[in-house]
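The values are calculated or read from the model by the stated rules, or taken from the named source; none is laboratory data. Please read these numbers as outputs of a predicted model, since none were measured by experiment. Glycine also receives a Cβ, built like all others from the backbone with ideal geometry; neighbour counts cover every protein chain displayed. Please note that ligands, DNA and RNA were not included when accessible areas were found on the heavy atoms of the full protein model with its side chains. Shrake-Rupley method; radii C 1.70, N 1.55, O 1.52, S 1.80 Å.
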Amino acid sequence: MDVRTLATCAALGAVAACAGAAVPTPVPSESSHAAIARGRNLVRAGDCAACHTAEHGKPFAGGRAVPTPFGTIYSTNITPDDATGIGTWSADDFYRAMHEGIARDGHHLYPAFPYPWYTKVTRTDSDAIKAYLDTLAPVDEPPRENALPWPLTLRSGIAAWNAAFFHEGTYAYNAQKSAQWNEGAYLVEGLGHCGACHTPKNFAGAVKRRDALEGGYGENWYATSLANDVRDGIGAWTEQDIVDFLRRGANAHATAFGPMAEVVTHSTSHLTDTQLHAIAVYLKDSPPREASAASAPGRDVATHGAGLYLDDCAGCHMAQGEGLAGVFPALKGNGVVQANDAETLVHLILTGESAASTQANPNRFAMPAFDWKLSDQDIADVASYVRSAWGNSAAPVSAGTVKDVRAKVEHIVEQ
């Protein structure tokens, strides 16, 4: 979802625009109307518009910067423009890109396009996605050149990456599980490409499959664990909590922000109740994990952090971290607050962030930035305090960690 380091969509197929004399547009058949409707839903499940729409750009025309640990990749134009888009791609070309990560002209697509997940999409659904993309208005928008160092500019190197890390193959139905579970698995492991952000990666940017959905990085944010850990995960969430979060962008435990706010706004909030409940069933069907004990901050840190919290945070998040239901998220029991990696918590305190705004929850509440007001040590102390207060249990944060995150987010702003 879609998204959210190596979580993004990429060049797919579209219709051929006829040049010269005008040709009457054929009236779609009933079956094609159904395919287009399903394709629209699937495009939303893949969050393709978010990845392929630059800030202030036209939808699906590409040009959005996708940050990776290796450089910046710019998304491509997937409107049916013959010259700058993908208007000449056939359904076979489209499926090959989805299934194998190979473009129409035979070059390898970077795995920033999540073909390691899209390979699970069936041919029927691939054709439905193309049927919808065929209906988009063509946009003349030339692609931007990627900002990658040599030798990563050589696409031939992707073949070696694929050989080592890519597992090609359509989703295999698990007969031991229910149809609802399988639908959830198909969405999470396929078009939703949740693991692209929520799974840790190795030195080459490939996901560590043994640690699937246990937390990772996406677009310069740490995406928290989706495992059933009651502290650093969704162990305390019910299936309905998951549905509410994906539909509304908030529940009793958390609020969507950063890249996840985009995922909710552009993707999951538009999915059907059947799809959202299937995702919830799949995510909750894993053994609960026991949280490991965490050391508490020193007395001086806790005292200083508590004072800063009362001054700058309690007005919204309340004195006991309980938040204000439907408005300001609770910090007590919050998975982001207690994540094994505190980077996202520090990122939020430094830069602030707007919450997701959806039809079911049309707000745009925002947390203010404190980078101008609080020192690295101040932020470390208040973060350490909230990670250990009100029953929370997570390791303290150092000023050095805050310094590193501050430098990273300042670099992002400069870009």
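Numbers below:
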item	result
For residue 140, solvent-accessible area (1.4 Å; no DNA, RNA or ligand), Å²	110 Å²
Ranked by how many other beta carbons lie within 10 Å on average, peptides 157-169, 338-350, 178-190, 86-98 from highest	338-350, 86-98, 178-190, 157-169
Neighbour cut-off at most 11 other Cβ (10 Å), DSSP loop, chymotrypsin sites (Phe, Trp or Tyr not before Pro), the range 200-247	203
Carbon + sulfur, % of accessible area of the range 179-284 - ligands and nucleic acids excluded, 1.4 Å	55 percent
Measure of compaction for the range 342-415 (Cα Rg per 2.2 N^0.38 Å)	1.22
The range 232-328 - charge dipole about Cα centre, Lys and Arg +1 at Cβ, Asp and Glu -1, debye rounded to 20	80 debye
Cross-link pairs 130/201; 120/208; 120/201; 130/408; 208/284; 120/284 - those with Cα-Cα distance over 27 Å	130/201; 130/408
With DNA, RNA and ligands ignored, accessible area of residue 354 (1.4 Å probe; Å², nearest 10)	40 Å²
Lys, Arg +1 and Asp, Glu -1 on Cβ, resulting dipole of the range 179-284 about Cα centre, debye, nearest 20	220 debye
Protection-proxy order for peptides 304-314, 38-48, each taking the mean of Cβ atoms within 10 Å per residue, highest first	38-48, 304-314
Per residue, in Å², the accessible surface of the range 42-167 once ligands and nucleic acids are set aside, probe 1.4 Å	44 Å²
Anisotropy class of the range 90-241 from Cα gyration tensor, a/c 1.5 cut	oblate
Sparse-neighbourhood loop sites, trypsin sites (Lys or Arg not before Pro) in the range 328-415 - DSSP loop, at most 16 other Cβ within 10 angstrom	364, 373
Residue-averaged [θ]222 nm for the chain, counting only DSSP H segments that reach four residues, each worth -39500 (n - 2.57)	-10500 deg cm²/dmol
Two-decimal log10 I(q)/I(0) for the range 200-288, as the Debye equation yields it once each C-alpha is a single scatterer, q = 0.26 Å⁻¹	-1.42
Electrostatic dipole magnitude of the chain [Cβ: Lys, Arg +1; Asp, Glu -1; Cα centre; debye, to 20]	420 debye
Residue 51 accessible area, 1.4 Å probe, all protein chains in place, Å² to nearest 10	0 Å²
Over the range 299-414, relative contact order from alpha-carbon pairs under 8 Å, at least 6 apart, %	28 percent
Positive-end residue of 281, 161, 388, charge dipole of the chain with Cβ unit charges	281
Selection of chymotrypsin sites (Phe, Trp or Tyr not before Pro), the range 322-374, meeting DSSP coil and at most 13 other Cβ within 10 Å	372
1.4 Å probe accessible area per residue over the range 299-414, in Å²	48 Å²
